[in-house]
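Worksheet: one structure, shown below.
The values are calculated or read from the model by the stated rules, or taken from the named source; none is laboratory data. Keep in mind it's a predicted model, so treat the numbers as computed, not measured. Here the Cβ positions follow ideal geometry from the backbone for every residue, glycine too, while neighbour counts run over all protein chains shown.
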Amino acid sequence: MTPYGMSKMRIKVIITGLILLTASTASFSQNVNLEQIRTLALANSRSLARYNLAIRSSVLDEKSQLYTMLPSVTAGYSASMNYINRDWEFVNPADTFTTGFDVSITQKIFEGGKSFIQKSLAAISTESVRKEALAEYFNVLDSADNAYYAVLEAAATLEAEELSLQTALSSLAIAEIRQSSGMINRGDFLKALADKEARENSRDQARRSLSLSKMKLKALTGVETSAGLEQVNFDAYEELIRFLALISDEDADALYDRFWKLLLKSNISLARAALNNQRAEKSLSMAKRDYFPTVSATLFSSGINYSVASGFTSSAGGGLTIRGSVPLDFWVMNNKIEKSKIARDSTAMDYKNTESSLETELQSALLNAFACAGTIVHSRLSLEYAEKHFEFVNERYRLSQGSISDLNDAAALLINTRNSQIKSRYGFLQALSRLRSLAAIDDEQKLLKILVGEE
């Protein structure tokens, strides 16, 4: 990201901070959507705020390095009094008081280009901090998305478990009547009781999961969302889900190639590795500059002097001093250069490792998106069949034509299928968030266009 882009991000975070201050005074009275959660998470992120401070500090370091290339101006002041003269006789110190003021200006003339290299290193450091801040920016967005989806998934799972518990309670009520009239044996009745207890426990576990998810979301945003969260409109993803679920090998390879080209330009980890490469190259160049002599010039003036004996006097004289130095400890410099070469080779290897890891991450994220999309499509049909199967078995059970074991098996199939659909839906959304972070895309619509090949 360019400095201008980072500035926009920082402005956005500052603005969202004001939103947070307003929102934190009371709970939301309406359902909160994903964009609001993202905004609050960005504003509440202390790590992102620290990175903003680090950027400011790095910019100041960069300016400091620039200032070292300018002339150095120093002013000196001196004062003295004697109480013994040259003849070793005591004198009145006030009679010997003298004072003076001088100014000097020193400018580096030649140092083998070290100042320019140091300025470049400072600029690389600033850009590296910006990349780290940008990485944290997307990390916060990922955390916000995952926390938001986790609450919705937990709520959907709780709803499914409540439905399953109601089914188990209805089955137990029928079993109690039949057991009291001797229509079923005690073993079947105990099985109905066990199923009811298991479903009740699953419901309680789902409640705890929902409460935990809400706590994590509150810790991330710093705001209590008492009204609830806005549901995800999965119909908006229907076209993409079908495309990815049925994607051919050729289209999958083309999609990977599109993303890989995008990642080479915008992936933050790869950009940071490239900056480390540049820093290592500059450091090696700096080490080689130690062989060059250093030349500086000083223009000085004696300024104004005062003494009790002579009063004020001014010196009209000035001077120009040129000083040069040539290092002769070549063994030290050669050792430094060798270490810089090792550091450069190491960063080059790190870049290759980052590139290789990124390839694996991209393949994993895309395969996860394909798998979740496929599961969504298949679980939709499976859920439809499981619901019809359960209705059929339940009706047979009510008519005393089916056993409690058959009903329990049908109920288990239904709840497992329903949970599979819930998990695959939100897993698909999390896969999209991961792809967005890898490509450093802040606009979800742009991501969707890339996935379907429109961009």
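Can you give me the number of residues within the stretch 81-127 that are aliphatic (A, V, I, L, M) and in contact with a Ser or Thr (Cβ under 9 Å, 6 or more places away or on another chain)? The qualifying residues number 7. Restricted to strands (runs of 3 or more DSSP E) entirely inside the stretch 262-334, those with at least 3 residues that are in contact with a Gly (Cβ under 9 Å, 6 or more places away or on another chain) and at pLDDT below 80 are 294-307.
Is it fair to say Y83 is at pLDDT below 75, hydroxyl-bearing (S, T, Y) and surrounded by fewer than 14 Cβ atoms within 10 Å (Cβ to Cβ)?
Yes: the conditions hold for Y83.
Figure legend. Inter-residue proximity from the stretch 161-173: first residues farther than 13 Å from A194 by Cβ and crowded, with 21+ Cβ neighbours inside 10 Å, second residues of a type in the set (A, V, I, L, M, F, W, C) and modelled with pLDDT of 90 or more, beta-carbon distance below 7 Å, spacing 6+ or different chains. Indicated pairs: E161/A206; S164/I415. Taken together, the residues in the stretch 367-415 that are under 25 Å from A156 (Cα atoms) and among the basic types (K, R) amount to 2. Taking the listed residues F138, F189, F116, the one that is touching a helix residue (DSSP H, G or I) at 6+ places or on another chain (Cβ under 6 Å), among the aromatic types (F, W, Y) and modelled with pLDDT under 85 is F189, with no other qualifying.
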